[in-house]
Amino acid sequence: MTGPPTPLPPDEPSRPARPRLAGMQWRRAVVCVLGMLTLVGAAACTTPPSPTQPPSAAALTTGPDPAPATTSALPGLIRPPATAGAPTPSARVHLTAAGDYGATAATGGVLRALGASGSDAHFALGDLSYGSPGGEASWCSFVTSRLGVGFPFELLAGNHESDGSNGSIDRFAACLPNRLGGAVGQYAHQYYVDLPRSTPLVRVVLVSPGLTFPDGTWSYAEGSARYAWTADAIDGARRAGIRWVVVAMHEPCLSMGRYGCSSGPDLQHLLVSKRVDLVLSGHEHLYQRTKQLREGAGCARVTVGSYSPACVADADTSMVAGAGTVFATVGTGGVALRQVATADPERGYFAAASGTGSKPTYGFADLRVTSDELRYSFVRGAGGGFTDSWVLRRTPSL
């Protein structure tokens with residue numbers, strides 16, 4: 001555990017101006033106005049006003065008034081976004097994600113690379129400062145000094161801040177609030193958002209299985225309210241005609257790291273059985289990415305602690321969307337990396353990995369999403385030269 005966040009060394013300057021398309025430059029100015037709004041405590045997601053936003057910003061934050069949708073109500077629930085309809089052929093969105101940051105020189109490198117990427121929004125997958133309680137605002141400033149106050153740096157709790165041991169997730173959420181319109185749920189805890197908002201291509205569903213909050217440890221076991229909420233969020237995206245579903249959580253299930261399936265096998269089964277396109281996580285201080293996994297004939301269930309070739313739908317880097325689920329752990333946000341357990345019994349499920357002793361590289365997942373493709377790459381921020389990239393392609397009938 002480290003102390004409170006500290007600035008980068010003198011030879012690590014603050015993030016330079018971000019290279020942006022003209023529309024992206026407009027968005028920075030507009031969203032910075034929204035950055036003056038601050039959430040208090042574990043506030044629900046908010047929908048910022050956007051009548052003066054240019055098209056690039058409006059693509060993420062505006063759209064028609066939400067229509068009624070069937071969801072399982074939980075504390076913090078707000079109105080759902082509108083039905084997507086058919087996305088325009090030119091619609092696209094650029095998202096990034098990583099977890100396990102700290103406030104190191106490597107963290108600074110990751111944030112600078114993120115700022116240069118042109119990402120429309122970033123999802124922080126938990127374990128933020130690793131500092132002492134009370135230092136939340138300092139860490140938020142560490143982030144915003146490199147990305148700008150208004151950049152959508154969207155939070156999800158990790159085990160280091162859900163229970164307050166390294167700061168409070170509610171206080172982090174107050175200084176890095178939700179910047180995306182139309183989000184549904186309890187920001188930084190359990191919520192989803194459709195992007196771009198007006199003609200959504202992707203629903204990002206963020207959940208907190210296995211984490212301990214002040215009200216107890218959150219279970220996503222089959223039959224629980226949170227399991228049902230997650231299933232409804234996935235099914236609702238499909239009913240709305242949203243092309244892609246990405247789920248994010250802090251703790252993974254399958255892993256070649258030091259932890260077991262703390263997020264729970266029931267949730268993993270739900271995600272694979274519903275053929276969620278991509279599942280992102282952190283927690284393990286390394287990078288690992290599975291092949292495309294499936295359940296069905298020959299594979300009743302992807303079982304934790306073993307490997308079955310019948311559960312692999314595709315092992316290469318060009319995959320058919322809807323055939324299965326890819327899991328990626330991106331615990332490479334800046335905290336010290338750990339070794340990949342190459343002898344792990346689940347090793348056969350994985351297609352790529354990096355950690356101590358194996359091209360240790362800090363960075364983030366980069367998703368370029370259109371109606372027909374989800375292109376994924378691991379983008380380096382510091383350290384070695386590890387790379388990973390693959391693509392999901394949707395056939396016209398899917």
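The values are calculated or read from the model by the stated rules, or taken from the named source; none is laboratory data. From a predicted model like this one, the values you see are computed outputs, not experimental measurements. For neighbour counting, all protein chains shown are included, and Cβ atoms are generated from backbone atoms with ideal geometry for every residue, glycine included.
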Inset, instruction - For segment 300-321, indicate whether the set of residues that are closer than 29 Å to Thr107 by Cα, modelled with pLDDT of 95 or more and either touching a strand residue (DSSP E or B) at 6+ places or on another chain (Cβ under 6 Å) or surrounded by fewer than 19 Cβ atoms within 10 Å (Cβ to Cβ) (or both) is non-empty. - result: yes
Legend entry - Contacts under 8 angstrom Cβ, first residue in segment 221-234 being part of a helix (DSSP H, G or I), partner aromatic (Phe, Trp, Tyr), 6 or more apart: Arg226/Trp218; Arg226/Tyr220; Tyr227/Tyr220; Thr230/Tyr220; Ala233/Tyr192
Inset, instruction - Residues being touching a residue at least 60 places away in the same chain (Cβ under 8 Å), touching an Asp or Glu at 6+ places or on another chain (Cβ under 6 Å) and either part of a loop (DSSP other than H, G, I, E, B) or aromatic (Phe, Trp, Tyr) (or both): count how many of those fall in segment 148-181. - result: 1
Inset, instruction - For Ser198, indicate whether it is in contact (Cβ under 8 Å) with a residue 40 or more places away in the chain, surrounded by fewer than 24 Cβ atoms within 10 Å (Cβ to Cβ) and in a loop (DSSP other than H, G, I, E, B). - result: yes
Legend entry - Of the criteria (1) within 30 Å of Gly383 (Cα to Cα); (2) in contact with a Phe, Trp or Tyr (Cβ under 9 Å, 6 or more places away or on another chain); (3) small (Gly, Ala, Ser), which one Gly260 fails: (2)
Legend entry - Qualifying residue in segment 162-169 (condition: closer than 21 Å to Tyr376 by Cα and out of contact with any Phe, Trp or Tyr (no Cβ under 7 Å at 6 or more places or on another chain)): no
Inset, instruction - Of the numbered conditions (1) part of a loop (DSSP other than H, G, I, E, B); (2) at pLDDT 95 or above; (3) touching a Gly at 6+ places or on another chain (Cβ under 8 Å), Ala86 fails exactly one; give the number of that condition. - result: (2)
Legend entry - In segment 315-331, the residues that are closer than 22 Å to Glu295 by Cβ and not in a loop (DSSP other than H, G, I, E, B): Ser318, Met319, Val320, Thr325, Val326, Phe327, Ala328, Thr329
Inset, instruction - Within segment 349-365, identify whether any single residue is outside any strand (DSSP E or B) and without any contact (Cβ under 8 Å) to a residue 24 or more places away in the chain, and answer yes or no. - result: yes
Inset, instruction - Would you check if there is a residue in segment 253-271 being buried (at least 24 other Cβ atoms within 10 Å of the Cβ), of a type in the set (Phe, Trp, Tyr), farther than 15 Å from Tyr220 by Cβ and in contact with an Asp or Glu (Cβ under 8 Å, 6 or more places away or on another chain)? - result: no
Inset, instruction - State which residue is surrounded by the most Cβ atoms within 10 Å (Cβ to Cβ) when the search covers only segment 112-130 and only residues that are closer than 27 Å to Thr212 by Cα and in contact with a Gly (Cβ under 6 Å, 6 or more places away or on another chain). - result: Leu125
Legend entry - Matching residues, segment 269-312, being farther than 23 Å from Tyr192 by Cβ, without any contact (Cβ under 8 Å) to a residue 60 or more places away in the chain, not hydrophobic (A, V, I, L, M, F, W, C) and not in a loop (DSSP other than H, G, I, E, B): Gly296, Pro309
Legend entry - Test: Tyr259 is in contact with a His (Cβ under 9 Å, 6 or more places away or on another chain) and of a type in the set (Phe, Trp, Tyr): yes
Inset, instruction - Confirm whether Asp266 is over 20 Å from Arg92 (Cα atoms), of a type in the set (D, E, K, R) and in contact (Cβ under 8 Å) with a residue 60 or more places away in the chain. - result: no
Legend entry - Gly334 vs. criteria assigned to a strand (DSSP E or B) and buried (at least 24 other Cβ atoms within 10 Å of the Cβ): no
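Out of curiosity, is Val379 part of a strand (DSSP E or B), of a type in the set (Val, Ile, Thr) and either at pLDDT 95 or above or within 20 Å of Leu280 (Cβ to Cβ) (or both)?
On the way: part of a strand (DSSP E or B): yes; of a type in the set (Val, Ile, Thr): yes; either at pLDDT 95 or above or within 20 Å of Leu280 (Cβ to Cβ) (or both): yes.
Yes.
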Inset, instruction - State whether one or more residues within segment 343-356 are in contact with a His (Cβ under 8 Å, 6 or more places away or on another chain), basic (Lys, Arg) and either surrounded by 13 or more Cβ atoms within 10 Å (Cβ to Cβ) or modelled with pLDDT of 95 or more (or both). - result: no
